[in-house]
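What follows draws every value from the coordinates through simple rules; no lab data is involved. Please read all numbers here as calculations on a predicted model, not as lab measurements. Positions of Cβ are generated from backbone atoms using ideal geometry, with glycine treated the same way; all protein chains shown enter the neighbour counts.
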Amino acid sequence: MAYGAVVPPLLEPCAPNPGRMRVKYPGLLLCAVASWLATACQEHERPSYLSHGVEAASTPVEFEQELEVPPPPFTEGAFPCSDCHDPAIPPNTKRREMKLAHTEIKLHHDAEHRWCLDCHSAENRDKLHLASGELIDFTESYKLCGQCHGDKARDWRAGVHGRRSGNWDGHKKYLLCVNCHNSHAPKFQPLKPLPPPIRPAPRTSS
């Protein structure tokens, strides 16, 4: 409703009892109240857990403390990586197709701009590294994921993405991103639907 518009009176005397007033246009009153509430809500700052978008997604997430998480779901025999990667041998840091090892890994995770050593440390194969160069354990991989996926990391930290268990206002446990997503191909693959249930045979009277 524009400012300066003529607003009809919302109250009028009640016919049986002129001393009492009644709402003349209840629908108009409800619209006015709803409009006022919407304006009032917009004036308040949105909670941080709702302030997502481009800015939130591109901003790395800072975790104020270490979180309790399960061990990463390594392929049997794949960790520690130093069992095969001899630290005494200089690593080949050239981006290339794997032909001697890890040939089963198909990178579908921003493959045009990412490669193994963007996440894995070339100096310490049993560690990951952040964009700053800081080395982290595989149990802290959520910090690595949160560098690019800031909005998802905030949701995960708040318990609305992934899985979190524990006390409502106390100690909590989290699943790692890699407990649900394949780190090399994080998009969920389509699932083959199961067949429909078998209709039970009609009952026969004995």
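Over the C-alpha trace of the stretch 113-206, radius of gyration and Dmax come out as 21.1, 78 angstrom. Semi-axis lengths, largest first, of the ellipsoid equivalent to the stretch 50-188 are 28, 17, 14 Å, with √(5λ) applied to each eigenvalue of the Cα gyration tensor. C116 to L30: FRET efficiency via 1/(1 + (r/R0)^6), r the Cβ-Cβ distance, R0 45 Å, to the nearest 0.05? Plugging the Cβ-Cβ distance into 1/(1 + (r/R0)^6) gives 0.15. Counted by neighbouring Cβ atoms within 10 Å, the residues F188, F79, F138 run from fewest to most as F188, F79, F138.
Calculated FRET efficiency, E66 to K99, Cβ-Cβ distance, R0 = 45 Å: about 0.75 to the nearest 0.05.
Neighbour counting of Cβ atoms within 10 Å sorts the residues R96, R203, R157, fewest neighbours leading, into R203, R96, R157. Any lysines with Cα under 30 Å of the K187 Cα? List them, leaving off those in the same chain fewer than 8 positions away. Straight-distance partners of K187: K94, K99, K106, K127, K143, K152, K172, K173. Compared with the alpha-carbon gap, the fully stretched path from R199 to K172 is longer by 5.3 nm at 0.36 nm per residue.
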